[in-house]
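Just so it is clear, none of the values below were taken in a lab; they were calculated from the coordinates. From a predicted model like this one, the values you see are computed outputs, not experimental measurements. Glycine gets a Cβ as well: all are built from the backbone with ideal geometry, and neighbour counts include every protein chain shown.
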Amino acid sequence: MGAEAGGGELRGIGARLRAAREKRGLTLLQAAERLHLDARVVQALEAEDFTALGADVYVRGHLRRYAEAVGESPAQLQQLYSASSHALRPDLTRIPRREPDQRGSRLLLPALLVVVGFAVAGLLWWLLTLPGEKPHPLPADRPPAADAAHAAEVTAPGADAGTAPAPAERGLPPTSSRAPVSTASPQVRLDLAFSAPSWVEVSDVGGRHLLHGLFEAGSTRTLTGSAPLLVVLGNAPAVRLRFNGEPVTPGTLVRRDGSAHLLIDAAGRVSAAAPRLAHGD
């Protein structure tokens, strides 16, 4: 491998390194000790057995260090190496690969099934423990004037219906002067905004369901109905209420489990729902 050109100049990489080492009076072991390398590495460099040194970057590093240690030209040796057929490409087939963990793969599916099972069981428990109250229709308040008129129209047993006293005799103003009595409940608007999942049920004065179900975080709802409204919240802290545009807060009406059973009248006043309304008795 240490071929010589005309004039006796050493052209081989290994021959030039060996000649430079011997010129400095170093043995192979002394050169290896000076470079802090194994003697087999130095021997492989002089024998140009570059495949034993691994990847191309390691060969170039060893050549540079050895040339500097024995007084050779690192640049010239690098050029000779690049021009030779010894320049190696990284051998990707020698990269160690980790064998797949068969035991971990076998345990992954059962663990995933257990996690999914716990999640489903937790969701079912939460849904089943939510209050399942069914609101009853709220009796509309009868105006006092209507009650008085009804009581006055009831005649005594055996009395002739045709002899019923006139409105003036019953202490009521004549029909022409009485104002019409309105029994219709006022229409109100309720806005709901959810910051977390919550079960909600809203009914108006006639027992008509305005809203019912489980709503996700970030959703909103707007309802209109006749006051007063019965509002049942499964997760009251996560629901923001606005009644006719004004904020409404349950305050101390929120129970320990986070639920709330509210009654909101036409003026926006909030009170606790009656037991028979909250529990469907």
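Whole-Hz ³J(HN,Hα) for each residue in the stretch 189-196, computed from phi via Karplus 6.51 cos²θ - 1.76 cosθ + 1.60 with θ = phi - 60°, x for glycine and proline: what do you get?
10, 10, 10, 10, 10, 10, 9, 7
List the residues, sorted by chain then number, that are 5 or more residues from Val248 or on another chain and whose placed amide H is less than 5 Å from its amide H.
For Val248, whose amide H was placed from the backbone, the distant partners under 5 Å are Leu241, Arg242, Phe243.
Ranked by Cβ crowding within 10 angstrom, fewest neighbours first, how are Tyr81, Tyr58, Tyr66 ordered?
The order, fewest Cβ neighbours first, is Tyr58, Tyr81, Tyr66.
log10 I(q)/I(0), Debye, Cα-only the stretch 13-91, no solvent, q = 0.14, 0.18 Å⁻¹?
Debye intensities relative to I(0), on a log10 scale: -0.38, -0.64.
What list of ³J(HN,Hα) couplings, whole Hz, do you get for the stretch 11-18 from phi and the Karplus terms 6.51, -1.76, 1.60, once you set θ to phi - 60° and write x for glycine and proline?
Per residue, the Karplus-derived 3J(HN,Hα) values read 10, x, 5, x, 5, 5, 5, 5 Hz.
Compute the label zone of Asp38 within the stretch 65-86: residues whose backbone N is under 20 Å from the point 7 Å along Cα-to-Cβ.
Flagged as within label range: 65-67.
With 10 angstrom as the radius, rank Ser271, Ser226, Ser259, Ser203 by how many other C-beta atoms surround their C-beta, starting from the fewest.
Ser271, Ser226, Ser259, Ser203
Relative contact order of the stretch 185-281: what whole-number percent is it, with Cα pairs under 8 angstrom and at least 6 residues apart? Intermediate values should be presented prior to the final figure.
On the way: 222 pairs, mean separation 27.3, N = 97.
Worked out over the stretch 185-281, it gives 28 percent.
What list do you get for Val42, Val59 if you sort them by fewest beta carbons within 10 Å?
Val59, Val42
Under a crude label model (7 Å from the Cα following the beta-carbon direction), how far is Ala75 from Leu123 in nanometres?
Here the modelled spin labels are 7.2 nm apart.
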